Amino acid sequence: MTEKSPKLRAALDGIPTYKPGKPAAAGGPRAFKLSSNENPYPPLAGVLETAADAAASLNRYPDLACTELIAELAGRFDVPLEHLATGTGSVGVAQQLVQSTAGPGDEVIYAWRSFEAYPIITQIAGATSVRVPLTDAEEHDLEAMADAITDRTRLIFVCNPNNPTSTVVRRAELERFLDRVPSDVLVVLDEAYIEFIRDERVPNGIDLYRDRPNVCVLRTFSKAYGLAGLRVGFAIAHEPVAAALRKTAVPFGVSQLAQDAAVASLRSETALRERVDALVTERARVWEALVAQGWTVPDSRANFVWLRLGERTADFAAACEAAGVVVRPFPGEGVRVTVGEREANEIFLRAAEEFRKEL
Ligand SMILES: Cc1ncc(COP(=O)(O)O)c(C=O)c1O
């Protein structure tokens, strides 16, 4: 009898694998990782101590309902407890959202290029991706996205600011778009980088969610809060969406370390905000330097910048790596570079300048 391999779902064939940002080369003092949009600052002292305390109970399962974290978030955002759901990073919550809404024959719309997990989690669910190209200004084309809605559409991701292009959608255009979306289609406002926005024309998704039952806001502790390694994100959504998220959650997926550190971070808001402000200042410096060198760079509203390099993408990434910083290339399209510690940004800017001279 010939050996057969276990039958796997055909939907998994050809799924693009999620490419994590390449780590910095080990050893050298000048190796910096600017490839994953992480926060360069280590966790705040109080947050570390809280996490260490939680580590003493690693023999126990965490609080399944994330009670304290949910209560803290509900108070912070003035939303009902039942409208909150947590997950293993916001990517985990995004996957639960797709699982909750879409299956074979259903469509999920998102801009492209955008966050690379969207096609993966859509395909895992057996649903079909509908990618709507960004505009020439690297922004969401919300008119085209609304035009792409069919009676099969179940979920639409709006990534604001968009990863990897760092561009935003503004209040008026987003409201116009939401007005066009049928009430039985879920719109997920992925606001992983919202704390870095300094543009009053960009809405806080929570204001839009309040009177729109088909709007869900996705947030994370991985970026501004600097807890990427702990894997905790959350959604704010009306019932029955929030209830569906609780059903699809991996039981005990958010560790007690993550829950306690997230609560401690929310309570250390002032110190965290100072760090975010410093990154925003540094972002402006990096952006201005790139523009002065002659690059066309979208005005970043996130903790990264985007250079559309086309065919020169791989060469540029290699030049940066040789100089001591690892960036995130999207072959044939462009390079996303996280705003990191000043020393790393300096190395990147020098590498960009050298590259530019040779064009
Ligand atoms: C737009 C966007 N959404 C969600 C995530 C997921 O972050 P996490 O799962 O760490 O919360 C990322 C991470 O890079 C992102 O860029």
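The values are calculated or read from the model by the stated rules, or taken from the named source; none is laboratory data. Predicted model, so just to flag it, every value in this text is computed and none were measured. Glycine gets a Cβ as well: all are built from the backbone with ideal geometry, and neighbour counts include every protein chain shown. Keep in mind that these areas ignore ligands, DNA and RNA; they rest on the heavy atoms of the full protein, side chains included. Shrake-Rupley method; radii C 1.70, N 1.55, O 1.52, S 1.80 Å.
Condition first: surrounded by 20 or more Cβ atoms within 10 Å (Cβ to Cβ) and within 16 Å of the ligand (Cβ to nearest atom). Now tell me which residues in the range 118-128 satisfy that.
TYR118, ILE121, THR122
Take the residues of the range 166-191 that are within 11 Å of the ligand (Cβ to nearest atom) and either of a type in the set (Ser, Thr, Tyr) or in a loop (DSSP other than H, G, I, E, B) (or both): which is surrounded by the fewest Cβ atoms within 10 Å (Cβ to Cβ)? Show your work before the answer.
First pass over the range 166-191, keeping only residues within 11 Å of the ligand (Cβ to nearest atom): 166, 188-191.
Retained after the next criterion (residues that are either of a type in the set (Ser, Thr, Tyr) or in a loop (DSSP other than H, G, I, E, B) (or both)): 166, 191.
Values: SER166: 26, GLU191: 24.
For the range 166-191, the residue satisfying everything is GLU191.
Test SER114 against the stated conditions and say whether it is open to solvent by 10 Å² or more (accessible area, probe 1.4 Å), at negative phi and in contact (Cβ under 8 Å) with a residue 12 or more places away in the chain.
Numbers: open to solvent by 10 Å² or more (accessible area, probe 1.4 Å): no; at negative phi: yes; in contact (Cβ under 8 Å) with a residue 12 or more places away in the chain: yes.
Considered against the rule, which asks whether it is open to solvent by 10 Å² or more (accessible area, probe 1.4 Å), at negative phi and in contact (Cβ under 8 Å) with a residue 12 or more places away in the chain, SER114 comes out as no.
Listed residues GLY332, GLY324; which is among the small types (Gly, Ala, Ser), closer than 18 Å to LYS22 by Cα and surrounded by 16 or more Cβ atoms within 10 Å (Cβ to Cβ)? Walk me through it before giving the result.
Details: GLY332 fails: surrounded by 16 or more Cβ atoms within 10 Å (Cβ to Cβ).
Every option except GLY324 fails the conditions.
Which residue, of ALA74, ALA31, is open to solvent by 20 Å² or more (accessible area, probe 1.4 Å) and within 27 Å of ASN303 (Cβ to Cβ)?
Only one candidate passes the filter, namely ALA31.
Could you list, in sequence order, all residues of the range 37-96 that are among the β-branched types (Val, Ile, Thr) and within 15 Å of the ligand (Cβ to nearest atom)? Talk me through it step by step, then tell me what you get.
Here is the first cut: in the range 37-96, the ones among the β-branched types (Val, Ile, Thr) are 47, 50, 67, 70, 79, 86, 88, 91, 93.
Of everything in the range 37-96, those that are among the β-branched types (Val, Ile, Thr) and within 15 Å of the ligand (Cβ to nearest atom) turn out to be THR86, THR88, VAL91, VAL93.
What are the pairs, 6+ residues apart or on separate chains, where a residue within the range 189-216 that is farther than 27 Å from ALA271 by Cβ has its Cβ under 9 Å from a residue that is surrounded by fewer than 17 Cβ atoms within 10 Å (Cβ to Cβ) and small (Gly, Ala, Ser)?
Sorted first by the residue in the range 189-216, then by its partner, the pairs are ARG201/ALA172; ARG212/SER183; PRO213/SER183; ASN214/SER183.
Among the listed residues ILE120, ILE149, ILE156, ILE109, which satisfies the condition of being of a type in the set (A, V, I, L, M, F, W, C) and in a loop (DSSP other than H, G, I, E, B)?
Values: ILE120 fails: in a loop (DSSP other than H, G, I, E, B); ILE156 fails: in a loop (DSSP other than H, G, I, E, B); ILE109 fails: in a loop (DSSP other than H, G, I, E, B).
The match here is ILE149.
Do any helices (runs of 4 or more DSSP H) entirely within the range 45-105 hold 1 or more residues that are under 30 Å from ARG152 (Cβ atoms) and not basic (Lys, Arg), and if so, which?
Working: elements: 45-55, 67-77, 89-101.
Those helices (runs of 4 or more DSSP H) span 89-101.
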